[in-house]
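Report on the structure given below.
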Amino acid sequence: MGKIKIDTTAEIVENVYSKLEKNVAVYRKTVNRPLTLAEKILAGHLQENFLEKNLDSEAKYVFLHPDRVALQDVTGQMVMLQFMQTELKFVTLPTTIHCDHLIQARTEGKSDTKLAIYENNEVYNFLESTASKYGAGFWKPGAGIIHQVVLENYAFPGGLMIGTDSHTPNAGGLGMLAIGVGGVDAAETMAGMPWELMHPKRIGVHLKGEMNGWTAAKDVILFVAGELSVSGGTNSIIEYFGPGTKSISCTGKATITNMGAEIGATCSIFPYDERMELYLKSTGRKEIAELANKYKEHLTADSDIEKNPDKYFDKVIEIDLSKLEPHVVGPHTPDLARPISQLAEDVKKNKYIDNISVALIGSCTNSSYEDMSRAASLAKQAQSKGIKAKIPLLVTPGSEQIRATIERDGQIDLLKSIGATVLANACGPCIGQWSRPELKQGEQNTIVTSYNRNFPGRNDGKRETMNFIASPELVIALALGGNLSFNPLDDSLTGSDGKTFKLDAPESAPDVPANGFVDAKDVYLSPSENPDSVQVMIDPNSERLQKLEPFGAWNGEDLSALHVMIKAKGKCTTDHISPAGPWLRLRGHLDKLSDNLLLGAVNAFNDQVGQAKNILSNEIENCAQIARQYKKQNISWVIVGDNNYGEGSSREHAAMTPRFLGCKVVIAKGFARIHETNLKKQGILALTFDNSNDYEKIHEDDQVSIIKLNDISPGKSVECNILHADKTSEKIVLNHSYNDLQIEWFKAGSAMNFLRKKQN
């Protein structure tokens, strides 16, 4: 197979719509009922043999054929290293690589980007050369954040894409099913394999009324997060419907679908409408807009869905946008939600630090033209009164297209007039790429952001930092007030003339600029026309990159006498299992990266972070140090997890590093979807307690055995024997969600081993 087209062309889209129309007709016959929008798009991408099954009752997993793949520079390293193992000449579907994660926020955008290019030159050269050789598009450092660039260039209504970042669902704002996956998923799909997904449940969010005043699209998802919790959307597609959807801009819709990742949702989606049409046309995709208009009936749910949502969704949430208050969530979790009117009381009650240290707006979640225009309207008010932000204010544009456009139209100047610093078009502080030398070790502080994720240590690597999330306009107001308890709807500010005034609600802003977007220059590279001449070089002495060696296959025996490395207590995200921040630079070097193993996990046995008991020394030590000693002694081990273990970013490293250092099994009360799949892909047994109370039965000095593994099969429980230090033992029952194919991955040692074996 030769090189494929990378751009989302009208031809590609028409082929997708033609297949969607055909498949929907078949699947509608199968189920004999109206279909939700998510069901239609899934049907349009199903492997043919699934179309005649009622998926709700006959399928736990389905095979799909996505339209494209997107990789960011951190996870993309491992994807390309894995893809190279397939020995294929080209990717088999449109693929792009985006350099957005490795640019650290230090001073301001231009200098930070320049320094990042110098510091990460080896990684960028590797990614550029693999893209050039294997037929992928390459977006340079400074081009923008993957999700914003995809929305501007590649997303389209009714499509299906996967991306190696948990906020890939951002493209749902343009009516696309866009799903975050692990690196192996991406590599396999790029190699031409169908993509496997647990058949999702359906959650409907019925939007009525229209937003007004201070309320923004952000407040919709913050409210939903409060309703569903961080795990309430697990293995579900959240579908927004109702008249209220038409009152939200395309980019506002993207803000909402982006943050669906924070509630564990597989993805989120909005129906196609005139706001999406406007965005497509404004970003140079008029032909695709015309095709979407032609096939509109397939890009919206059937009419009966809205009339009788309880019949077709597993859960329905109703929101009257006209009555929705601006919300703030946090600290430390995105589902601790309250309206702004209650925040001051919460600050007092919970003794949160009222003084804000830094305010941040932008990122992939909230840097649209509309967002920045509304934020700038508040800055204009402040400027007219002669005041500035009382604290540092940082602005992260989502892309060079956005940055250049808001520079041309004056929003940047207005934000700078109140003290804002414009950072690089990159993830930066949103993902821990933020240098804060002003903070003392262990210093508690409060920040407010318009970002999407706020786990402890997420933004600056410091667990003591409390991150509260709100809309960009509310963050600007809080920056002007200087403290959390400031409520711009009720409280006043003092102008330079000594008179008090209240901020007016942000001005209504256009979805897209009246003069069009500025075309970004010199940000993209097409693949080589002569790929055989491109050399992909990896220095064997590199500190950043390492060729992968296959994991060992299962030996066919029970997993006996596994030592307990750690029993994770409470929230244990992928940021806790494999932290980001300074570790991002090592994401292409599995050995060196593994030194961050479980660095942020709280151990239930001792309440310490990242520390566990070493059975060889009987001392409390760093988990990675212990694991390396165990590996030398051929001692295998197990991780015990709490609820929703592995929530957060879709990084396969959180599965690869434990596997590399000798982990055989993870037993948890429950798993986040992506992490569970990643564990399976890397050959680690992912098991759940049949009785969640059995979590308490596992003690620090226990040895755990998984027995009768030769009998493992779909839907059949697994026996586990716990041997206590006093030589007593007890048996517990563990469950799993493995299908036949996934069992083969386990036996082969990893999904990639299985793929290679199958090809050979």
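The values are calculated or read from the model by the stated rules, or taken from the named source; none is laboratory data. Since the model is a prediction, treat every value here as computed from it, not as a measurement. As a convention, Cβ positions derive from the backbone with ideal geometry for all residues, glycine included, and neighbour counts pool all protein chains shown.
Listing for the model above:
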{"read-out": "Some residue of the range 83-102 being modelled with pLDDT under 95, out of contact with any helix residue (DSSP H, G or I) (no Cβ under 9 Å at 6 or more places or on another chain) and in a loop (DSSP other than H, G, I, E, B)", "value": "no"}
{"read-out": "Those residues of the range 215-256 which are among the polar types (S, T, N, Q) and under 17 Å from N454 (Cα atoms), in sequence order", "value": "S229, S231, T255"}
{"read-out": "Test: residue in the range 399-421 that is under 30 Å from T75 (Cα atoms), touching a residue at least 40 places away in the same chain (Cβ under 8 Å), touching a His at 6+ places or on another chain (Cβ under 8 Å) and of a type outside the set (K, R)", "value": "no"}
{"read-out": "Every residue from the range 265-284 that is surrounded by 22 or more Cβ atoms within 10 Å (Cβ to Cβ) and farther than 16 Å from N170 by Cβ", "value": "P271, Y272"}
{"read-out": "Test: residue in the range 426-440 that is touching a helix residue (DSSP H, G or I) at 6+ places or on another chain (Cβ under 7 Å) and surrounded by fewer than 20 Cβ atoms within 10 Å (Cβ to Cβ)", "value": "no"}
{"read-out": "The range 49-65, subset in contact with a helix residue (DSSP H, G or I) (Cβ under 6 Å, 6 or more places away or on another chain) and either within 30 Å of K547 (Cα to Cα) or outside the structural domain of P194 (by TED's automatic domain parsing) (or both), residue surrounded by the fewest Cβ atoms within 10 Å (Cβ to Cβ)", "value": "H65"}
{"read-out": "Residue within the range 680-692 that is in contact with a helix residue (DSSP H, G or I) (Cβ under 6 Å, 6 or more places away or on another chain), closer than 27 Å to T234 by Cβ and part of a helix (DSSP H, G or I) present", "value": "yes"}
{"read-out": "Members of the range 568-604 that are part of a loop (DSSP other than H, G, I, E, B) and either assigned by TED's automatic domain parsing to the domain that holds V181 or in contact with a helix residue (DSSP H, G or I) (Cβ under 9 Å, 6 or more places away or on another chain) (or both)", "value": "S578, P579, A580, R587, H589, L597, L598, L599, G600, A601, A604"}
{"read-out": "Selection status of K681, surrounded by 18 or more Cβ atoms within 10 Å (Cβ to Cβ) and either of a type in the set (K, R) or over 20 Å from K747 (Cβ atoms) (or both)", "value": "yes"}
{"read-out": "Criterion violated by M466 - all others in (1) in contact (Cβ under 8 Å) with a residue 24 or more places away in the chain; (2) at negative phi; (3) surrounded by fewer than 17 Cβ atoms within 10 Å (Cβ to Cβ) satisfied", "value": "(3)"}
{"read-out": "Criterion (on the phi > 0 side of the Ramachandran plot and of a type outside the set (S, T, Y)) met by exactly one of K708, K680", "value": "K708"}
{"read-out": "Near pairs, Cβ below 7 angstrom, 6+ apart or cross-chain, from the range 372-394 (surrounded by 20 or more Cβ atoms within 10 Å (Cβ to Cβ)) to any residue that is of a type in the set (G, A, S) and assigned to a loop (DSSP other than H, G, I, E, B)", "value": "S373/A509; R374/A509; A389/G419; I391/G482; L393/G419"}
{"read-out": "Test: residue in the range 285-301 that is among the polar types (S, T, N, Q), surrounded by fewer than 24 Cβ atoms within 10 Å (Cβ to Cβ) and under 14 Å from V13 (Cβ atoms)", "value": "yes"}
{"read-out": "Scope the range 475-500; condition assigned to a loop (DSSP other than H, G, I, E, B) and in contact with a helix residue (DSSP H, G or I) (Cβ under 9 Å, 6 or more places away or on another chain); matching residues", "value": "L484, S485, F486, N487, P488, L489, D490, D491, G495"}
{"read-out": "Filter result (outside any helix (DSSP H, G or I) and surrounded by fewer than 21 Cβ atoms within 10 Å (Cβ to Cβ)) within the range 10-38", "value": "N32, R33, P34, L35"}
{"read-out": "Subset of the range 368-400 [in a helix (DSSP H, G or I) and touching a strand residue (DSSP E or B) at 6+ places or on another chain (Cβ under 7 Å)]", "value": "A375, E400"}
{"read-out": "Residue under evaluation I263, criteria (1) touching a residue at least 60 places away in the same chain (Cβ under 8 Å); (2) closer than 19 Å to W214 by Cβ; (3) of a type outside the set (D, E, K, R), criterion not met", "value": "(2)"}
{"read-out": "Check on S129, in contact (Cβ under 8 Å) with a residue 40 or more places away in the chain, among the hydroxyl-bearing types (S, T, Y), surrounded by fewer than 24 Cβ atoms within 10 Å (Cβ to Cβ) and not assigned by TED's automatic domain parsing to the domain that holds G588", "value": "yes"}
{"read-out": "From the options F671, F689, residue that is crowded, with 17+ Cβ neighbours inside 10 Å, without any contact (Cβ under 8 Å) to a residue 40 or more places away in the chain and assigned by TED's automatic domain parsing to the domain that holds L590", "value": "F671"}
{"read-out": "Residue in the range 662-678 that is of a type in the set (S, T, N, Q) and at pLDDT below 95 present", "value": "yes"}
{"read-out": "Flag if Y738 is aromatic (F, W, Y), crowded, with 17+ Cβ neighbours inside 10 Å and part of a helix (DSSP H, G or I)", "value": "no"}
{"read-out": "The range 620-654: number of residues that are surrounded by fewer than 23 Cβ atoms within 10 Å (Cβ to Cβ) and either part of a strand (DSSP E or B) or not small (G, A, S) (or both)", "value": "14"}
{"read-out": "Filtered residues of the range 693-722 (kept if touching a residue at least 40 places away in the same chain (Cβ under 8 Å) and in a helix (DSSP H, G or I))", "value": "Y695, L709, N710"}
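So that you can scan it fast, the table gives a plain yes or no per residue for (1) at pLDDT below 95; (2) at negative phi; (3) assigned to a loop (DSSP other than H, G, I, E, B):
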| residue | (1), (2), (3) |
| --- | --- |
| P527 | no, yes, yes |
| P540 | yes, yes, yes |
| N555 | no, yes, yes |
| A561 | no, no, no |
| M565 | no, yes, no |
